[in-house]
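Here the structure comes first, spelled out in structure tokens, and everything after it is commentary.
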Amino acid sequence: MAISMGSGGEDAPMSDINTTPLVDVMLVLLIIFLIAVPVAIQTIEKLHIPILVSAESQDKVENLLLTVSTTDTQGRSAGDPGYEGASRNGQCRVYFNNITPVSSEELYDQAFKRLDAIVQREGGIDAIMANPETIPQVHIRGDVNAPWRCIAGAIYNVQAAGYPTVGFISNPVDPNG
């Protein structure tokens, strides 16, 4: 680090600019842009999820199965005659145990009652916590076109009801084909 001694004597003002803080700020900004620009350029369309061979899950009878979809462009739900498939702008539809359509409040209530009955049958909270294998899980099958708001709402309700583990079910894909 250099020090300027000045050449005009003690009475002359020093006219040199201290550039060290300017250089420090510019280097920090350069580093930030070098890191941020490649991240900002990537888009979700370029995301490729690898296809992996997976093992069959050992489902328990106690597991709660949910299907999340939306109404089609005409407002029809899955199972209605003429249903054309889920629409991104449709209303959320959640099916309890893949059969019964429920609202958010009904989902919470039914999930809570179901979990409470399982905990009581196993002998209470201490008994079920002693054997974590007996804790039921929630498996969600989400329609490809269902918006995240619908799936997130279902996750929120079942976790608020007390289910600690939520997983997703997908369609099996042949890794060789």
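The values are calculated or read from the model by the stated rules, or taken from the named source; none is laboratory data. What you see is a predicted model, and the numbers here were worked out from it, not measured in a lab. Note that we place each Cβ from the backbone using ideal geometry, even for glycine, and neighbour counts take in every protein chain shown. All accessible areas refer to the heavy atoms of the entire protein, side chains included, with ligands and DNA or RNA removed. Shrake-Rupley method; radii C 1.70, N 1.55, O 1.52, S 1.80 Å.
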Given 116, 109, which one is over 19 Å from the mean Cα position of the chain (by Cα), exposed (fewer than 14 other Cβ atoms within 10 Å of the Cβ) and assigned to a helix (DSSP H, G or I)? 116
So for segment 133-140 (the condition being free of Cβ contacts under 8 Å to residues at least 40 places away in the same chain and surrounded by 12 or more Cβ atoms within 10 Å (Cβ to Cβ)), does at least one residue qualify? yes
First in segment 23-41 and at pLDDT below 75, second anywhere and in a helix (DSSP H, G or I), Cβ under 9 Å, 6 or more apart: none
Residue pairs, Cβ under 8 Å, 6 or more apart or interchain, first in segment 54-73 and closer than 21 Å to residue 144 by Cβ, second at pLDDT 85 or above and in a loop (DSSP other than H, G, I, E, B). List them. 70/91; 71/91
Does residue 64 count as under 21 Å from the mean Cα position of the chain (by Cα), surrounded by 11 or more Cβ atoms within 10 Å (Cβ to Cβ) and within 17 Å of residue 161 (Cβ to Cβ)? yes
If you go through segment 157-172 one residue at a time, do you hit one that is at pLDDT below 85, under 24 Å from residue 62 (Cβ atoms), outside any loop (DSSP other than H, G, I, E, B) and open to solvent by 30 Å² or more (accessible area, probe 1.4 Å)? yes
Selection within segment 130-147 - modelled with pLDDT under 85 and outside any loop (DSSP other than H, G, I, E, B): 132, 133, 134, 141, 142
For segment 83-102, which residues satisfy the criterion of being open to solvent by 50 Å² or more (accessible area, probe 1.4 Å) and either assigned to a loop (DSSP other than H, G, I, E, B) or in contact with a Gly (Cβ under 6 Å, 6 or more places away or on another chain) (or both)? 83, 84, 88, 89, 91, 97, 98, 99
